[in-house]
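To start, the structure under review is shown below, and the notes come after it.
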Amino acid sequence: FQAEDGIRDLVRSRGLGDVYKRQIYDRDLDRVPANHQPLTPLLYLDRAARVFPDHVAVVHGPLRRSYREVYARARRLAAALAARGIGRGDTVAALLANTPEMIECHYGVPMTGAVLNTLNTRLDADAIRFCLQHGEAAVLITDREFSRTAAAALEGLATKPFVIDVDDPEYDGPGARLGATDYEAFLAGGDPEHDWRLPDDEWDAITLNYTSGTTGDPKGVVYHHRGAALLALGNVITGGLGQHPVYLWTLPMFHCNGWCFPWTLSIVAGTHVCLRQVRAEAMYRLMAEHGVTHLCGAPIVMQMLINAPDAERRDLPRRVAFFTAAAPPPEAVLAGMSEAGFDVTHLYGLTESYGPAVVNAWHADWDALAADQRAAKKARQGVRYPVLEALDVRDPETLEPVPADGATIGEVMMRGNVVMRGYLKNPAATRAAFAGGWFRTGDLGVKHPDGYVQLKDRSKDIIISGGENISSIEVEDALFKHPAVAAAAVVARPDAKWGETPCAFVELKAGAAPTADELIQWCRGRLASYKLPRHVIFGELPKTSTGKVQKFILRERARQDGA
């Protein structure tokens, strides 16, 4: 002790007291298994199965599965995959609807150390093929409904993944089996007591999600266990999920891993009510039968609910919390949702932020505002989730924060644990996204005096239609390939049902006279159906002196036309 006192006096006499303080807390206070474990959402299911083993975890048609059963099936899946040599760093792709199998994949796949790649079921075969090849998928689990697209996607792959077919009893449509085995037979070979391991590091990849609506090939966004665990917790806090909520799956689980809700529900031992097809009659029926408390969805889902005919509606046993992203809902839609029994919360996020990481946190005193003032508050994207470290609007060049005046436009930026690891095999895009120590969303917005962020434009001209991102450049490219088209520009047009739809402005070559329908049909063979332009307007495109199309003029024309 005398020697230590001497060291202490020496470092203090030389002005190194702060160094000494740091050193004493670094000595003999190490990370050990007793006090440090990597964060992972996989433990949420483990806990739910131990604490509430008999609580209903999954509802799908007549099927009911408890948390004990779901945990056992996830472990079977992990064991069966491991027996095929699947392990850390391997990719398992899933082309599935919102079914129990998709929930099980969110646990069973990462239990092996592998990475789950949930594929957008609305993509065409070329896009699916790209994802399978770029992600180096070793296994593809696919629903029979999507077998035609999956089969076409598998053609041309030099190395084909091992295919497992899912034959959902709730699906009675066409579709062939593609693999050597089906999902239930595959699970039967796995051990329900499989001793799965925690990730070696919470920074390990847990899922791979491909963006849509980019200017080139989709980018593969890599999530880690830490971010998934924290965003799942953030959903509980932000959404006010109490014990045993009942959640209706109207949001696709392939989209940002269902905003991390497959993991969120296990935290509070909630019930997943699965739904293959989002239809008003089915939504009302399931909400009434199962006492649904929460659901998420794009604005189109709200339109379905409030525009449903009386014959499809059911009396709801309680008010339902509805979380929506994309464009802020109009006041008339909010009023209609409230009258129908829903409380709407507006969220904002990106694939790169594990889904929503920003919430329009509502203040009770705003209820007393006039209707137009409430609508102005509702139009804002909001403030950061509790698990997001920082959210700001900054000058994209200087990185200086813009004034909080609600008028000065800058780029929306984020920083924290619920931001992706980066883009798979794309270091240049990753460096650009993180330049300056912030994740640059590419969205332009303002910051209000109370700190709430509001989007004003999308710097990449992305069109958000029914919750799906559409690249204007991709649609323009399809139009340019028509022999009669001299120039084309595509912008978002407001749409009451979809939020936004692509509107094409087209200059024709001399002597050419195709109809709007002809150009739309031309695009149909080159684009996924949701990316097709819904409106085509012919005429000379407004350009700058350097020949650049002035899209802000076209946006205003489209906005006036769609108003």
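Structural remarks
- Residue match in the range 193-214 (condition: of a type outside the set (Val, Ile, Thr), over 28 Å from Arg148 (Cβ atoms) and within 14 Å of the chain's Cα centre (by Cα)): no
- Among the residues of the range 368-377, none qualifies, meaning not one is within 23 Å of Glu411 (Cβ to Cβ), within 21 Å of the chain's Cα centre (by Cα) and open to solvent by 10 Å² or more (accessible area, probe 1.4 Å).
- Boolean, Asp477 is open to solvent by 30 Å² or more (accessible area, probe 1.4 Å), modelled with pLDDT under 85 and either over 17 Å from Ile520 (Cα atoms) or assigned to a helix (DSSP H, G or I) (or both): yes
- Taking the range 38-63 as the range and being assigned to a helix (DSSP H, G or I) and in contact (Cβ under 8 Å) with a residue 12 or more places away in the chain as the test, the residues that pass are Leu42, Leu43, Tyr44, Leu45, Asp46, Arg47, Ala48, Ala49, Val51.
- Residue count for the range 252-269, restricted to those that are open to solvent by less than 10 Å² (accessible area, probe 1.4 Å), part of a loop (DSSP other than H, G, I, E, B) and within 23 Å of Pro218 (Cα to Cα): 2
- Here the range 181-198 is the region considered, the condition is being under 30 Å from Gly227 (Cβ atoms), modelled with pLDDT of 95 or more and not acidic (Asp, Glu), and the residue that is surrounded by the most Cβ atoms within 10 Å (Cβ to Cβ) is Tyr183.
- Residue in the range 78-91 that is open to solvent by less than 10 Å² (accessible area, probe 1.4 Å) and under 30 Å from Ala282 (Cα atoms) present: no
- Counting only strands (runs of 3 or more DSSP E) that sit completely within the range 75-190, those holding 1 or more residues that are free of Cβ contacts under 8 Å to residues at least 60 places away in the same chain and of a type in the set (Gly, Ala, Ser) correspond to 137-143.
- The set of residues in the range 482-505 that are touching a helix residue (DSSP H, G or I) at 6+ places or on another chain (Cβ under 9 Å), open to solvent by 30 Å² or more (accessible area, probe 1.4 Å) and not in a strand (DSSP E or B) comprises Ala496, Lys497, Trp498.
- No other residue among Val387, Val453 is out of contact with any helix residue (DSSP H, G or I) (no Cβ under 8 Å at 6 or more places or on another chain), touching a residue at least 24 places away in the same chain (Cβ under 8 Å) and buried (at least 20 other Cβ atoms within 10 Å of the Cβ) apart from Val453.
- Residues of the range 506-560 that turn out to be in a loop (DSSP other than H, G, I, E, B), touching a residue at least 40 places away in the same chain (Cβ under 8 Å) and open to solvent by 50 Å² or more (accessible area, probe 1.4 Å), as a count: 2
- Within the range 419-429, tally of residues that are open to solvent by 40 Å² or more (accessible area, probe 1.4 Å) and over 10 Å from Glu352 (Cα atoms): 5
- Selection over the range 430-450 of residues that are in contact (Cβ under 8 Å) with a residue 24 or more places away in the chain, surrounded by fewer than 16 Cβ atoms within 10 Å (Cβ to Cβ) and over 19 Å from Glu389 (Cα atoms) gives a count of 1.
- Residues located in the range 397-407, provided they are open to solvent by less than 50 Å² (accessible area, probe 1.4 Å) and not aliphatic (A, V, I, L, M): Gly406
- When the range 408-418 is filtered for residues that are in a strand (DSSP E or B), without any contact (Cβ under 8 Å) to a residue 40 or more places away in the chain and more than 17 Å from Gly355 (Cα to Cα), only Gly410 remains.
- Some residue of the range 343-354 being among the hydrophobic types (A, V, I, L, M, F, W, C), more than 30 Å from Met420 (Cα to Cα), crowded, with 22+ Cβ neighbours inside 10 Å and modelled with pLDDT of 90 or more: no
- Looking only at the range 22-77, and only at residues there that are under 24 Å from Arg197 (Cβ atoms) and of a type in the set (Phe, Trp, Tyr), the one that is surrounded by the most Cβ atoms within 10 Å (Cβ to Cβ): Tyr67
- Scoring Leu230 on the criteria (1) open to solvent by less than 20 Å² (accessible area, probe 1.4 Å); (2) in a helix (DSSP H, G or I) leaves a single failure, condition (1).
- Residue match in the range 151-167 (condition: open to solvent by less than 20 Å² (accessible area, probe 1.4 Å), charged (D, E, K, R), within 17 Å of Gln277 (Cβ to Cβ) and in contact with a Ser or Thr (Cβ under 8 Å, 6 or more places away or on another chain)): no
- Verdict on Glu331 being surrounded by fewer than 19 Cβ atoms within 10 Å (Cβ to Cβ), at pLDDT 90 or above and on the phi < 0 side of the Ramachandran plot: no
- Restricting the range 287-315 to residues that are assigned to a loop (DSSP other than H, G, I, E, B) and under 28 Å from the mean Cα position of the chain (by Cα), the residue that is surrounded by the fewest Cβ atoms within 10 Å (Cβ to Cβ) is Asn307.
- Residue within the range 444-459 that is among the polar types (S, T, N, Q) and part of a helix (DSSP H, G or I) present: no
The values are calculated or read from the model by the stated rules, or taken from the named source; none is laboratory data. Note that the coordinates shown come from a computational prediction; the quantities given were computed from them, not determined experimentally. Neighbour counts run over all protein chains shown; Cβ positions are idealised from the backbone, glycine included. Accessible surface is based on the protein model in full, side chains and every heavy atom, while ligands, DNA and RNA are left aside. Shrake-Rupley method; radii C 1.70, N 1.55, O 1.52, S 1.80 Å.
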